[in-house]
Amino acid sequence: MAFLPDILTPAPDVRRPIVAVLEAALAAVDPYHATRAFLRREGDTLIAGSRRYDLTRFHRVLVIGAGKAGAPMAQAVESVLGDRIAAGLVVVKTGHGAPTQHVEIAEASHPRPDAAGVEAGRHILALAQDAGPDDLVIALLSGGGSALLVAPAPGISLADMQALTDALLASGATIHEINCLRKHCDSLKGGQLARAAAPATLLTLALSDVVGSPLDVIASGPTVSDATTWEDAWTIVRRYDLENRLPHTIRARLQLGRDGRLPDTPKPDDPVFARSQTVLVADNRVAAQAAAVCAAELGYHPLLLTTYLEGEAAQVAKVAVALGREVLAHAAPVAPPACLILGGETTVTLNQSGGKGGRNQELALSAAVTLDSSADAITDAIIVVSLATDGSDGPTDSAGGMADGGTVHRGRSQGLDAEAHLRRHDAYPFLLATHDLLRTGPTQTNVNDLVFVFVGSPPSDQRKL
């Protein structure tokens, strides 16, 4: 996956090895290769991770799924099973499709669900319900699946689900909290796809886009048991003061569930999971570790600090800059030239609308402002990068942003006020003007975000570019 070359404009010799590290991270979580690494066929035996499936026992093989990485994952399954696949449908984000022979690819909107997503969700539900005890159902799940796999619960409309999504995205709720609400307003999420497919044999291949890779959160866990409850869902509504911002149909459903008048999502002891296996094919840690290996080869001292990063993007940016200053001042936790790596997913709480950007762009712009306001000069050696591994940060064509000690100055020279852009969550036009916008196009993968703090540059004779 190549980044557009304008990101190199401010300092090509300094930024070229940084871009190489980002590309290595993305290559490590390529969905096709990640899926193929866990799936192979020996004659009539399908091997998925540690499990073996005798294909002669199955009348049909059905492939279903949802997520931004769904098309290359489907291609990988087709490369193993070919015309053994009887039918299939995987829904992906618009623009993330790819040619397939046996599995239909549908495109739908993300992060706001649309009618195409509802149609695909109903088709997938019908395929699952049609599966019998002699069928093998393979589910392919990846980041974005929660918004793309949509089957509103009875009495809830698409407009209601859109309003729920809008309110949650603007509230600052975590992805775990967002998905808890989605599970309890949908007919597929939270183990309900497994319920629909039972008693068929179910194999799920998942590419994680959530912090810590809990299986019940990836794509809202449609094929695994759900740890959340109606009470949890209502608590989140109260926590973010959403009672008066949700459609009455959703409020009424959540209240009925809380009062015990609706069945909850299936829990671990539910028999629908008796013939189910889930394999995690790639996640944020895989990408972060690959970045660290590449950074070391280029002469940096890499250190993976965490893959559990969460919090407000603007505040995380200040911590990132502080880490860089610590490296410069005290050679800790590693000496320069350094590459500190943090994985996870930040949030942005919107206090006003009208801006263009995403959480990674906001993090980069906040880092730029922090670097510019530093009382010392050592921040000139610090570069902070925030990358959305799916190539789409918020509702933009950007994958994130990069910030160095000159970012704010470059904007100021063009009449742009970095702090004003930050206040109105309008990072995109600022970073575009300063050549600090990361753009890759759709990567067709999604394993959360990666934040890098580069401190200093290795001598050019050490770089293995």
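Listed values, structure above:
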| read-out | value |
| --- | --- |
| Residue match in region 296-303 (condition: crowded, with 20+ Cβ neighbours inside 10 Å and small (Gly, Ala, Ser)) | no |
| Cβ pairs under 7 Å, 6+ apart, first in region 68-92 and under 18 Å from Arg52 (Cα atoms) and touching a residue at least 60 places away in the same chain (Cβ under 8 Å), second surrounded by fewer than 19 Cβ atoms within 10 Å (Cβ to Cβ) and among the hydrophobic types (A, V, I, L, M, F, W, C) | none |
| Segments classed as helices (runs of 4 or more DSSP H), wholly inside region 39-148, with at least 1 members that are in contact with a helix residue (DSSP H, G or I) (Cβ under 7 Å, 6 or more places away or on another chain) and over 27 Å from Arg359 (Cβ atoms) | 70-81, 115-130 |
| One residue from Arg60, Arg40 being out of contact with any Gly (no Cβ under 9 Å at 6 or more places or on another chain) and either outside the structural domain of Ala219 (by TED's automatic domain parsing) or within 20 Å of Val103 (Cα to Cα) (or both) | Arg40 |
| Members of region 192-231 found to be of a type outside the set (A, V, I, L, M) and under 20 Å from the mean Cα position of the chain (by Cα), listed by number | Thr204, Ser208, Asp209, Gly212, Ser213, Pro214, Asp216, Ser220, Gly221, Pro222, Thr223, Asp226 |
| Qualifying residue in region 261-278 (condition: assigned to a helix (DSSP H, G or I), out of contact with any strand residue (DSSP E or B) (no Cβ under 6 Å at 6 or more places or on another chain) and closer than 28 Å to Gly344 by Cβ) | no |
| Residues satisfying the stated conditions in region 156-211, i.e. of a type in the set (A, V, I, L, M, F, W, C) and assigned to a loop (DSSP other than H, G, I, E, B) | Ile156, Ala173, Cys185, Leu188, Ala198, Ala200, Val210, Val211 |
| Helices (runs of 4 or more DSSP H) enclosed by region 305-422 - at least 2 residues per element that are free of Cβ contacts under 8 Å to residues at least 40 places away in the same chain | 313-330, 407-412 |
| Residue that is surrounded by the fewest Cβ atoms within 10 Å (Cβ to Cβ) [pool: residues in region 215-237 that are part of a helix (DSSP H, G or I) and modelled with pLDDT under 95] | Ile218 |
| Yes/no for His248 being crowded, with 17+ Cβ neighbours inside 10 Å, modelled with pLDDT of 95 or more and over 30 Å from Leu140 (Cα atoms) | no |
| Residue count, region 93-105 (criterion: crowded, with 19+ Cβ neighbours inside 10 Å and under 19 Å from the mean Cα position of the chain (by Cα)) | 2 |
| Selection from region 422-434 of residues that are on the phi < 0 side of the Ramachandran plot and crowded, with 24+ Cβ neighbours inside 10 Å | Ala427, Tyr428, Phe430, Leu431, Thr434 |
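The values are calculated or read from the model by the stated rules, or taken from the named source; none is laboratory data. All of these numbers come straight from a predicted model, not from anything done at the bench. FYI the Cβ positions are ideal-geometry reconstructions off the backbone, even for glycines, and counts take in every protein chain you see.
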